[in-house]
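What follows is a single structure, written as structure tokens, with notes after it.
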Amino acid sequence: MIKISNNIYVNKKDIKETFIKSSGPGGQHVNKVSTAVQLRFNVIKSLEISNNMLSRLKNLAGSKFKENGDLIIESSKHKSQIINRKDALDKLVYLLKEASKKPKQRQSTSPSKSSIEKRLKDKRIQSLKKKDRRKIDPSND
């Protein structure tokens, strides 16, 4: 069991691992050995999560989240299969942890007294500038 948060745990049996041939550095070795890892985890079947968390996970995962509920994570950074496996698992845990965090509510605040005074002062200055640009009416003199 992998702990995601206080009430969310992932069973390792629910994560399907596939090892595929990796692109990138490694020379001839990379063509012979399957070092890249692809994790497939069905979020909907495996976890009992709220709709809010599911929508946050969809936004975070983007194209990694499929319509059937599968979350597909790939890792091919390293030449070692073991390190790639750990890296992919870390990515999965990170995504699930971030999705489990509830966004903070915004607290509405009122403008400070100094900011109101500054706004009114700037407004008066702008008004005077525009007033000086007007044509002078000779009949008022």
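Taking only the Cα atoms of the chain, the ratio Rg/Rh comes out at 1.46, with Rh defined as the Kirkwood radius.
Suppose a student asked you for the relative contact order of the chain, using Cα pairs under 8 Å spaced at least 6 residues apart; what percent would you report?
Numbers: 147 pairs, mean separation 28.8, N = 141.
Relative CO of the chain lands at 20 percent.
What longest region of the chain stays clear of trypsin sites (Lys or Arg not before Pro) that DSSP places outside H, G, I, E and B and that have at most 10 other Cβ atoms within 10 Å? Intermediate results must be reported in sequence, preceding the final value.
Details: sites that count: LYS101, LYS104, ARG106, ARG134, LYS135.
Result, exposed sites excluded: 1-100.
Hey, got the dipole for the chain? About the Cα centre, +1 on K and R Cβ, -1 on D and E Cβ, debye to the nearest 20?
Details: 34 positive and 14 negative charges, 130 e Å.
Here the chain has a charge dipole of around 620 debye.
Other residues lying with their Cβ under 13 Å from the Cβ of ASN59 contribute a combined charge of +3, Lys and Arg counting +1, Asp and Glu -1.
Hey, which of these cross-link pairs are over 32 Å Cα-Cα: LYS77/LYS101; LYS16/LYS79; LYS79/LYS102? Can you show the working numbers first?
Details: LYS77/LYS101 28 Å; LYS16/LYS79 21 Å; LYS79/LYS102 36 Å.
Beyond 32 Å between Cα atoms: LYS79/LYS102.
Against the main long axis of the alpha-carbon atoms of the chain, helix 51-61 sits at an angle near 80°.
Given DSSP loops and a limit of at most 13 other Cβ atoms within 10 Å, what is the longest stretch of the chain that contains no such GluC sites (Glu not before Pro)? Free of exposed loop sites, the longest segment is 68-141. Ranking VAL93, ILE136, SER46 by how far each Cα lies toward the positive end of the dipole of the chain (charges on Cβ) leaves ILE136 at the top.
Taken together, the values in this text are just the output of simple stated rules run on the coordinates, not laboratory data. In this text, all values refer to a predicted model and were calculated from it rather than measured experimentally. Backbone-built Cβ (ideal geometry, glycine too); neighbour counts: all protein chains shown.
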